[in-house]
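Structure first, then comments.
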Amino acid sequence: MKVSGKTIAVTGGGNGIGRQLVLGLLARGARVAAIDMSEAALQETVSIAAAGDKLSTHIANITDRTAVEALPEATISAHGQVDGLINCAGIIQPFVKLNELEYDAIDRVMNVNFFGTLYMTKAFLPYLLKRPAAHIVNVSSMGGFLPVPGQTIYGTSKAAVKLLTEGLNSELTETNVRVSVVFPGAIHTDISVHSGIQAAGDAKQAAEQSKIKMTEPSVAAALMLDGVESDAYRVLVGPDAKAMDRLSRLSPKFAAGVIYKNMRSLLG
């Protein structure tokens, strides 16, 4: 689906890849409903975009189903229509083993990454089915197909997003709605800060220590939007995601060992 002239809702629009998706969509001629928990972050996106009424902002917690269910009508009220949804909002867990991870952290990661994506998809899908062409993008992770030590529950949530998206794709085969699942590798963002994790478990530090080349958020967003416009089934973002996708298919256990060797220092 070409995005020019379309209205796309984007979660996590206040920072990171989400913000770059908002800016990228506007640059390609779309109208955007940016969704985030942080009013300050959304206002910063508005200031950067300088897009006038082509950009609306919506403060919402995607784990609140009632709040989520109001978003499609709010988007339509602002823009007259809604043609797409990009579920980008997500958090990571503290870099600790499952045995040391508190249930509060487990619940939070699953609620944001999986249930938030599910709630948004369920809320917007009836509206998207009415459009002549529409698209849903769900952001999984390289950790959704490959185990990362210290991120087991995060990976679990993203694996759930992967299967949710692939199942939805199959169900919507004979409709006007296309579906893409995205697998980012290491992205140069402050996801650890927005996840409420202390610097010792910082995601950027993790990637730097493992000598993984991180992808810039603007590059990640451009690849994702290219995927939307080409109706891609899967979008791999970053050389690490592409390499590990191939390796994990060839030898899953060996691929898991490679990641473990690169990331184990973060576990102490």
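If we scan segment 82-89, do we find a residue that is more than 23 Å from Ile17 (Cα to Cα) and either over 18 Å from the mean Cα position of the chain (by Cα) or not aromatic (Phe, Trp, Tyr) (or both)? No, segment 82-89 contains no residue that is more than 23 Å from Ile17 (Cα to Cα) and either over 18 Å from the mean Cα position of the chain (by Cα) or not aromatic (Phe, Trp, Tyr) (or both).
Residues that are surrounded by 20 or more Cβ atoms within 10 Å (Cβ to Cβ) and either of a type in the set (Asp, Glu) or in a strand (DSSP E or B) (or both) occur in segment 87-100; there is at least one.
Scanning segment 218-243 for residues that are part of a helix (DSSP H, G or I), small (Gly, Ala, Ser) and in contact with a Pro (Cβ under 9 Å, 6 or more places away or on another chain), which turns out surrounded by the fewest Cβ atoms within 10 Å (Cβ to Cβ)? By that ranking, first place goes to Ala241. When Leu266, Leu250, Leu225 are checked against the criterion of being under 24 Å from Asn15 (Cβ atoms) and modelled with pLDDT of 95 or more, a single residue qualifies: Leu225.
Can you find a residue in segment 47-54 that is touching a residue at least 12 places away in the same chain (Cβ under 8 Å), in contact with a helix residue (DSSP H, G or I) (Cβ under 6 Å, 6 or more places away or on another chain), surrounded by 22 or more Cβ atoms within 10 Å (Cβ to Cβ) and within 27 Å of Ser230 (Cα to Cα)? Checked segment 47-54: no residue is touching a residue at least 12 places away in the same chain (Cβ under 8 Å), in contact with a helix residue (DSSP H, G or I) (Cβ under 6 Å, 6 or more places away or on another chain), surrounded by 22 or more Cβ atoms within 10 Å (Cβ to Cβ) and within 27 Å of Ser230 (Cα to Cα).
In segment 244-261, is there at least one residue being under 22 Å from Val179 (Cα atoms), buried (at least 20 other Cβ atoms within 10 Å of the Cβ) and in contact with a strand residue (DSSP E or B) (Cβ under 6 Å, 6 or more places away or on another chain)? The answer is no, given that none of the residues of segment 244-261 is under 22 Å from Val179 (Cα atoms), buried (at least 20 other Cβ atoms within 10 Å of the Cβ) and in contact with a strand residue (DSSP E or B) (Cβ under 6 Å, 6 or more places away or on another chain). Filtering Gly150, Gly116, Gly143 for residues that are in contact (Cβ under 8 Å) with a residue 24 or more places away in the chain and either among the acidic types (Asp, Glu) or in a helix (DSSP H, G or I) (or both) leaves a single hit, Gly116.
The values are calculated or read from the model by the stated rules, or taken from the named source; none is laboratory data. Please read these numbers as outputs of a predicted model, since none were measured by experiment. Ideal geometry is used to build each Cβ from the backbone, glycine not excepted, and the neighbour counts take in all protein chains shown.
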